[in-house]
């Protein structure tokens, strides 16, 4: 595998930013690794970071490079700071950057497939919210989406979590995001009312000791009332890297590769 720390300029953000990229490499003599490269254009997982992290965190806290090596899967990990993958009311346009500019730039730099069936998105915590929002709002782009300990009921969390009031105000202003494009539960309803849409498969996991567990149950129950294909994994676990390092392996096994 090739691990690339990529610094580049974003016209949407009007600043220099970064992404960490893992690319498949076919090797025959690398000890302890089973590397595979499939075709000229790589299947791609867009892997999103959490609230306190950056684009390097998945490679620093997990063995994601080793996990994807035998799959021939590229991984693109962007940097979005504490934006909740949203065009901020008082800040930058991270949603537009993520969903419009980033895929174009990444595919211009690297041999990544643009086919829907070759693209997947996943993330943890804040990134789980971002991954599901991206897939639900743009189902034409992804065959599957996964949330690990995701902030999947943001409308209620914003009202309950006082210590992040300043952050949420910068992102959403004084808007109540319930029943808007930033509300995953509303997006499920909206997508379900459009039977012509080719809907992505959804994977959702959360530990029972996680402070986001109850909201994940709410999302699960809502999703089960729709036509989306949902796979859930609720069991022992906390909001930590031991859990995410374990569960990202399950996500990779679940992806329709």
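A compact table of results
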| quantity | calculated |
| --- | --- |
| Base-10 log of normalised Debye intensity for the chain (one unit scatterer per alpha-carbon) at q = 0.10, 0.12, 0.15, 0.16 Å⁻¹ | -0.46, -0.67, -1.07, -1.23 |
| Order by protection proxy (mean Cβ within 10 Å, highest first), peptides 46-53, 110-117 | 46-53, 110-117 |
| Gaussian network model of the chain, Cα within-10 Å springs - most flexible of 226, 27, 208 | 27 |
| Protection proxy ranking, peptides 244-253, 229-238, average beta carbon neighbours within 10 Å, highest first | 244-253, 229-238 |
| Percent of beta bridges antiparallel (DSSP, the stretch 2-254, rounded to nearest 5) | 35 percent |
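Any read-out appearing in this document is the output of simple, stated calculations on the displayed coordinates, not a laboratory observation. Everything quoted here is computed from the prediction, not taken from an experiment. Cβ coordinates were reconstructed from backbone atoms using ideal geometry, including for glycine residues, and neighbour counts include every protein chain displayed.
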